[in-house]
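Visitor: Submitted below is the structure of interest, expressed as structure tokens.
The values are calculated or read from the model by the stated rules, or taken from the named source; none is laboratory data. This one's a predicted model, so the numbers in the text were calculated from it and none came from an experiment. FYI the Cβ positions are ideal-geometry reconstructions off the backbone, even for glycines, and counts take in every protein chain you see.
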Amino acid sequence: MGQPQDPRGNLVRPYAVTRGRTEPRRDIPIEAILVASQAAVQEARFAGHDKYRIAVLCEAKPQSLAELSAFTRQPLGVARVLVADMVADGLLSLHSAAPKKGFTERMDLLERVLSGLRKL
Amino acid sequence: MDFASSERAGAQPREITSAKIVIAGGFGVGKTTLVGAVSEIEPLTTEALMTSAGQGVDDASKVPGKETTTVAMDFGRITMADDLILYLFGTPGQTRFWFMWDELIRGAVGAAVLVDTRRIADAFAPLDYFENRHLPYIVALNCFDGAPRYEPDEVREALAIPPHVPLVMCDARHRESVKAVLVQVVEHAMATLVAEQSGGYPAVVG
């Protein structure tokens, strides 16, 4: 209130943790899996609070981009920028980032999911 | 492509695969209840930022001065194996947030459109959406206690659901019932894939 209106509106604040960057270095699907090694967690200590938190979560168990967004309470777009940086910097390894292509690959995945559901 | 970074991160040698199934339907139809019935975690919420115009704002610089709002998506997780995780994503209830639906269905195994028989008209928009997308989907009637029960054929006719789209009854609160819905989604996805492969099935409906 009373402060000069930022011409970019209130979109700016959520992206402060990415220093204003809104474009991720690479596209990462919402369900892509991220994994961090113990060594990567150590390295991430110097990468800032948010990235360190993400590394710790991904060392405990593999996490999707969606989970990282939820656990860090960052909007999806913000989490995507942070995670893409960490992948580029070697702090996270990225799994399942591309949809399965081809009949056999897709059918294999469907069969595995089906058998997983039946075992629930 | 990711080899160098994977090595530095000391990744597990095995690639972990994730799959997702989308749970669509109108506001308050029980999507999060359904997800929670089978998820190994309490359903989580992720939020996307958007303008009041219903436009995605991954690039905020292109929408100066627009009012923004957040659109929430609930999701759950089923770890099926060390190297296989299934995610269930509920679509945002408001169908004006189409851009978020597009992101959710990209790469999805398939979808279930959840229908509340007390508010059947709420299903029109989600059904329209899927009819124009290349994604196998089924329709699941959520049978709330005391909800008017219709014969599946009546619902199919009322909603103009094409004959090849499976329609099932379910109770979104019950694990076994939800499991059956998800099994049906995957089986339908398999049948669609096989039919596409043999060329005898319309790839895109509508």
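Visitor: If I ask for residues that are more than 14 Å from residue A:94 (Cβ to Cβ) and more than 10 Å from the chain's Cα centre (by Cα), which ones from the stretch A:58-69 would you list?
Guide: Correct list: A:59, A:60, A:61.
Visitor: Another question, then. Does residue A:44 qualify as being closer than 20 Å to residue B:20 by Cβ and in a helix (DSSP H, G or I)?
Guide: Judged against the criteria, residue A:44 is not a match.
Visitor: Could you look through the stretch B:74-88, keep only residues that are at the interface with chain A (Cβ under 8 Å from one of its Cβ atoms) and not β-branched (Val, Ile, Thr), and pick out the one that is farthest from residue B:140 (Cα to Cα)?
Guide: B:81
Visitor: Return the residues of the stretch B:126-146 that are assigned to a helix (DSSP H, G or I) and either small (Gly, Ala, Ser) or surrounded by fewer than 19 Cβ atoms within 10 Å (Cβ to Cβ) (or both); say none if nothing qualifies.
Guide: Result: B:128, B:131.
Visitor: Before we move on, is residue A:53 more than 9 Å from chain B (Cβ to nearest Cβ), free of Cβ contacts under 8 Å to residues at least 12 places away in the same chain and of a type in the set (D, E, K, R)?
Guide: Judged against the criteria, residue A:53 is not a match.
Visitor: Within the stretch B:89-100, track down each residue that is at the interface with chain A (Cβ under 10 Å from one of its Cβ atoms) and modelled with pLDDT of 90 or more.
Guide: B:89, the sole residue that qualifies.
Visitor: I would also like to ask the following. Only one of A:41, A:83, A:17 is more than 9 Å from every other protein chain (Cβ to nearest Cβ) and over 22 Å from residue B:48 (Cα atoms); which?
Guide: A:41
Visitor: On the basis of being at the interface with another protein chain (Cβ under 8 Å from one of its Cβ atoms), closer than 30 Å to residue B:180 by Cα, surrounded by 18 or more Cβ atoms within 10 Å (Cβ to Cβ) and of a type in the set (S, T, N, Q), does residue A:69 make the cut?
Guide: Working: at the interface with another protein chain (Cβ under 8 Å from one of its Cβ atoms): yes; closer than 30 Å to residue B:180 by Cα: yes; surrounded by 18 or more Cβ atoms within 10 Å (Cβ to Cβ): yes; of a type in the set (S, T, N, Q): yes.
Judged against the criteria, residue A:69 is a match.
Visitor: So which residues in the stretch B:32-73 are at pLDDT 95 or above and among the charged types (D, E, K, R)?
Guide: B:40, B:42
Visitor: OK, next. Suppose the filter is more than 14 Å from every other protein chain (Cβ to nearest Cβ) and closer than 18 Å to residue B:93 by Cβ; does residue B:158 pass it?
Guide: It is false that residue B:158 is more than 14 Å from every other protein chain (Cβ to nearest Cβ) and closer than 18 Å to residue B:93 by Cβ.
Visitor: Identify all residues within the stretch A:100-112 that are surrounded by 15 or more Cβ atoms within 10 Å (Cβ to Cβ) and closer than 16 Å to residue B:15 by Cβ; write none if there are none. Talk me through it step by step, then tell me what you get.
Guide: Our first condition is that a residue be surrounded by 15 or more Cβ atoms within 10 Å (Cβ to Cβ); within the stretch A:100-112, this holds for A:100, A:106-107, A:109-110, A:112.
Across the stretch A:100-112, the qualifying residues are A:100, A:106, A:109, A:112.
Visitor: Here's something else I'd like to know. Return yes or no: is residue B:93 in contact with a Gly (Cβ under 7 Å, 6 or more places away or on another chain), touching a residue at least 40 places away in the same chain (Cβ under 8 Å) and in a loop (DSSP other than H, G, I, E, B)?
Guide: yes
Visitor: Taking only the stretch B:133-165 into account, find how many residues are touching a residue at least 40 places away in the same chain (Cβ under 8 Å) and over 16 Å from residue B:25 (Cα atoms).
Guide: 3
Visitor: What number goes with the only condition from (1) more than 22 Å from residue B:89 (Cα to Cα); (2) modelled with pLDDT under 90; (3) within 14 Å of chain A (Cβ to nearest Cβ) that residue B:134 does not pass?
Guide: All conditions are met except number (1).
Visitor: List the number of the failed condition for residue B:126; all other conditions in (1) at pLDDT 95 or above; (2) within 14 Å of residue B:29 (Cα to Cα) hold.
Guide: Looking at each condition in turn, residue B:126 falls short on (1).
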